[in-house]
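The values are calculated or read from the model by the stated rules, or taken from the named source; none is laboratory data. As the structure is a computational prediction, the values presented were derived from the model and not from experiment. Please note: Cβ atoms are built from the backbone with ideal geometry, for glycine as well, and neighbour counts cover all protein chains shown.
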Amino acid sequence: MQVTVSSGNNINGTLVLPLFEGSQTITDNAEGVPMALKSQINRVLNNGDFKGKANSVMSLYGAEGGKAILVGLGKEEKSDIHSYREAGATVVAQHKSSHDSELTVVFHTSDVPAITAFAEGMMMRDYKYDIYKKAEDDDEKAPLTARINCNEGDASALTLAIDRASAVVSGVHLSRDLGNCPPNDMYPMAFAEMAEKWAAEYDNVKVEVIDYETAKRHGMGGLVAVGMGSSRKPCMVIFTLNGDQKGRHPILVGKGITFDTGGISLKPGANMDEMKYDMGGSATVFGTMQALAAIAYDKKVVAITCMAENMPAANAQRPGDVIKTLSGKTIEVLNTDAEGRLVLSDGLWKAGTDFDAEYIIDFATLTGACVVALGHEATGLWSNDDDFRTRIHEASKDVGELAWPMPLLPAFEKEMTNSKIADTRNLGAGRYGGANTAAAFLKQFVPQRGEGDDAEDIPWAHMDIAGTYWGAKTNKMVNHGATGVHVRTMVKFITGQ
Ligand code: BES
Ligand code: ZN
Ligand code: ZN
């Protein structure tokens with residue numbers, strides 16, 4: 001969706017009016033609104049027919065032409081940037097073919113961050129995944145565009161802010177496209193090819209693909225064990241932005257199971273189709289790299305995605321197998337459905353040993369237990385560094401993509417190292433605390449920086465997005481399917497804005 005800024009007062013197409021609760025009149029700077037429509041709007045407001053409650057909408061069709069969409073921002077004293085973002089998304093969600101495809105938004109405020117958030121909400125919500133549908137005649141209707149009227153003095157700041165938001169949203173939409181792609185077309189090497197094609201568009205990005213044979217040679221036992229039972233072999237994809245920059249840099253790691261059947265520990269059939277989203281972690285980091293490249297971020301960032309398809313097969317791994325990971329540590333595989341942690345063990349180790357990591361953040365649709373704990377309302381957030389975890393939590397709150405602090409406890413770690421025949425096991429001892437034991441398992445595979453007495457922890461965070469990457473019905477930024485969550489969190493966290 002294209003959003004432009006204009007310091008004029010003209011109204012083109014349908015007028016969009018964001019209003020607080022109790023607003024009594026239309027602003028004076030809405031020139032070009034037909035008189036009849038203007039008085040219709042004022043009547044509706046004065047009579048209290050439109051109350052301005054958060055995310056309520058009302059459409060008005062002027063007796064003498066002109067159309068308007070009123071959208072509520074809720075109580076002024078309670079409203080914040082999130083109210084604006086949600087109102088913007090609501091306008092797009094409620095947009096009907098009887099409205100014009102061209103919108104003009106007139107605000108009561110000149111607050112640049114608030115207006116930018118509204119535009120961001122509109123752009124985020126203007127998304128469809130329909131490439132597998134036969135084109136219908138009415139699909140040919142013009143794409144939505146919006147113009148935002150503002151004071152002359154704000155126009156250039158607002159244009160800059162909205163252009164940046166649009167670039168970031170391109171990363172969110174890429175993440176959704178990847179997550180929504182059906183698993184017959186989204187498999188490990190297909191993801192790698194998409195990454196290579198993407199890299200060709202930018203001079204400052206590089207993509208390296210570690211294919212199955214190379215992964216085997218390098219000793220990536222976790223990735224290999226999970227992916228070997230599929231005819232579509234696993235791979236690791238490494239994205240580098242601004243690789244010529246020296247010094248420490250962030251590294252993101254993504255779980256990329258393009259389909260999770262559970263393997264030999266086969267999942268029940270109901271809703272198994274949803275396991276195409278099990279590469280949501282990889283989609284998140286790919287989308288983040290797109291967003292960073294699109295805003296022309298000029299510092300170095302690396303992302304590692306661990307891609308595999310988890311299939312039951314004659315050559316699949318078995319419960320009871322002991323595998324050796326890139327770290328040299330062995331894992332007793334007690335359940336082949338706990339596969340995400342196996343591929344991540346190699347990704348995390350690689351991140352901490354082959355690069356000069358400032359910090360490592362992994363994203364994974366890791367456990368059903370995290371969905372039990374937090375529902376679809378928050379991502380689970382674990383870290384080996386309290387301050388680091390708090391900063392990620394703050395960034396997530398700032399952009400309206402909540403990540404909630406969870407405990408990384410020694411008792412959980414002990415549970416995961418208690419194997420009779422290997423260094424670690426991939427399954428906790430019981431049913432309880434499954435998201436925490438998974439996080440504690442991952443911690444084993446985050447290397448330290450330096451050696452001996454000088455060794456120190458690399459700040460690391462794990463984000464379990466099993467509940468937030470899809471099925472998040474209260475997420476107003478998306479209709480259904482993949483949410484693209486945390487691309488914006490990461491842009492905020494990495495760039496500081
Ligand atoms: N991909 C699943 C986790 C998942 C479940 C994501 C539901 C989204 C929605 C993961 O690989 C898995 O199967 N985890 C098991 C772990 C268990 C065997 C220890 C789980 O959560 O049941
Ligand atoms: Zn699984
Ligand atoms: Zn999985």
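If the condition is being within 16 Å of ligand 3 (Cβ to nearest atom), of a type in the set (D, E, K, R) and either more than 18 Å from Ala338 (Cβ to Cβ) or assigned to a loop (DSSP other than H, G, I, E, B) (or both), then region 267-305 contributes Lys267, Asp273, Lys276.
Of all residues in region 147-194, those being among the basic types (Lys, Arg) and out of contact with any strand residue (DSSP E or B) (no Cβ under 7 Å at 6 or more places or on another chain) number 2. Going through (1) away from ligand 1 (no atom under 16 Å from the Cβ); (2) modelled with pLDDT of 95 or more; (3) not β-branched (Val, Ile, Thr) one by one, His462 falls short only on (1).
Picking from residues in region 294-333 that are of a type in the set (Ser, Thr, Tyr) and closer than 23 Å to Gly281 by Cα, the one that is farthest from ligand 1 (Cβ to nearest atom) is Tyr297.
The rows are residues; the columns are (1) touching a Phe, Trp or Tyr at 6+ places or on another chain (Cβ under 6 Å); (2) basic (Lys, Arg); (3) surrounded by fewer than 17 Cβ atoms within 10 Å (Cβ to Cβ).
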residue	(1), (2), (3)
Lys38	no, yes, no
Ile41	no, no, no
Asn46	no, no, yes
Gly52	yes, no, no
Lys67	yes, yes, no
Leu73	yes, no, no
Glu77	no, no, yes
Arg85	no, yes, no
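Checked across region 467-478, the condition of being more than 23 Å from the chain's Cα centre (by Cα) and touching a residue at least 60 places away in the same chain (Cβ under 8 Å) holds for no residue.
Given the residues Thr365, Thr379, Thr336, which is the only one that is in contact with a His (Cβ under 9 Å, 6 or more places away or on another chain) and either of a type in the set (D, E, K, R) or within 15 Å of ligand 1 (Cβ to nearest atom) (or both)? Can you show your working first?
Numbers: Thr365 fails: in contact with a His (Cβ under 9 Å, 6 or more places away or on another chain); Thr336 fails: in contact with a His (Cβ under 9 Å, 6 or more places away or on another chain).
Result: Thr379 is the single residue among Thr365, Thr379, Thr336 that is in contact with a His (Cβ under 9 Å, 6 or more places away or on another chain) and either of a type in the set (D, E, K, R) or within 15 Å of ligand 1 (Cβ to nearest atom) (or both).
For region 326-356, the candidate set comprises residues that are under 22 Å from the mean Cα position of the chain (by Cα) and over 16 Å from Gly227 (Cα atoms); within that set, the residue that is nearest to ligand 3 (Cβ to nearest atom) is Leu348. In region 267-312, the qualifying residues are those that are in contact (Cβ under 8 Å) with a residue 40 or more places away in the chain and of a type in the set (Asp, Glu), and the one that is farthest from ligand 2 (Cβ to nearest atom) is Asp298.
Name the residues in region 174-183 that are surrounded by fewer than 24 Cβ atoms within 10 Å (Cβ to Cβ) and in a helix (DSSP H, G or I), would you?
Initial filter on region 174-183 (surrounded by fewer than 24 Cβ atoms within 10 Å (Cβ to Cβ)): 174, 177, 180-183.
Correct list: Leu174, Asp177, Asn180.
Take Met228 and decide whether it is within 16 Å of ligand 2 (Cβ to nearest atom) and either without any contact (Cβ under 8 Å) to a residue 60 or more places away in the chain or under 17 Å from the mean Cα position of the chain (by Cα) (or both). Here the answer is no, as Met228 does not meet what is asked.
I'm checking my understanding of the structure. Among residues of region 251-266 that are surrounded by 22 or more Cβ atoms within 10 Å (Cβ to Cβ) and away from ligand 3 (no atom under 11 Å from the Cβ), which one is farthest from Arg449 (Cα to Cα)?
Keep residues of region 251-266 that are surrounded by 22 or more Cβ atoms within 10 Å (Cβ to Cβ), which gives 251-261, 263.
Within this subset, residues satisfying the condition of being away from ligand 3 (no atom under 11 Å from the Cβ) are 251-254.
On the way: Ile251: 14, Leu252: 17, Val253: 17, Gly254: 21 Å.
Of everything passing the filter in region 251-266, Gly254 is farthest from Arg449 (Cα to Cα).
For residues that are within 16 Å of ligand 2 (Cβ to nearest atom) and either surrounded by fewer than 18 Cβ atoms within 10 Å (Cβ to Cβ) or part of a loop (DSSP other than H, G, I, E, B) (or both), tally how many sit in region 313-340.
Of the residues in region 313-340, the ones within 16 Å of ligand 2 (Cβ to nearest atom) are 313, 316-319, 321, 323, 331, 333-340.
Still in the list and also either surrounded by fewer than 18 Cβ atoms within 10 Å (Cβ to Cβ) or part of a loop (DSSP other than H, G, I, E, B) (or both): 313, 316-319, 321, 333-339.
Of the residues in region 313-340, 13 are within 16 Å of ligand 2 (Cβ to nearest atom) and either surrounded by fewer than 18 Cβ atoms within 10 Å (Cβ to Cβ) or part of a loop (DSSP other than H, G, I, E, B) (or both).
Counting only residues that are farther than 19 Å from Thr336 by Cβ and touching a strand residue (DSSP E or B) at 6+ places or on another chain (Cβ under 8 Å), region 400-434 holds 10 of them. Considering only residues of region 454-497 that are part of a loop (DSSP other than H, G, I, E, B) and in contact with a Leu (Cβ under 9 Å, 6 or more places away or on another chain), which is surrounded by the most Cβ atoms within 10 Å (Cβ to Cβ)? Ranking the candidates gives Gly484 first.
Being at pLDDT 95 or above and either part of a helix (DSSP H, G or I) or crowded, with 22+ Cβ neighbours inside 10 Å (or both) narrows it down to one residue among Lys128, Lys216, Lys233, Lys206; which is it?
Details: Lys128 fails: either part of a helix (DSSP H, G or I) or crowded, with 22+ Cβ neighbours inside 10 Å (or both); Lys233 fails: either part of a helix (DSSP H, G or I) or crowded, with 22+ Cβ neighbours inside 10 Å (or both); Lys206 fails: either part of a helix (DSSP H, G or I) or crowded, with 22+ Cβ neighbours inside 10 Å (or both).
Unique residue meeting the criteria: Lys216.
Taking region 13-33, which residues are crowded, with 17+ Cβ neighbours inside 10 Å, modelled with pLDDT of 80 or more and outside any strand (DSSP E or B)?
Let us first name the residues in region 13-33 that are crowded, with 17+ Cβ neighbours inside 10 Å, namely 13-21, 23, 26, 30, 33.
If we keep only those that are modelled with pLDDT of 80 or more too, we end up with 13-21, 23, 33.
If the condition is that a residue be crowded, with 17+ Cβ neighbours inside 10 Å, modelled with pLDDT of 80 or more and outside any strand (DSSP E or B), then Gly13, Glu21, Ser23, Val33 are the ones that fit.
Among the residues making up region 482-497, those that are of a type outside the set (A, V, I, L, M, F, W, C) and under 12 Å from the mean Cα position of the chain (by Cα) are Thr483, Gly484, His486, Arg488, Thr489. Every condition in (1) part of a helix (DSSP H, G or I); (2) within 16 Å of ligand 2 (Cβ to nearest atom) is met by Gly428 except one, and the failing one is (1).
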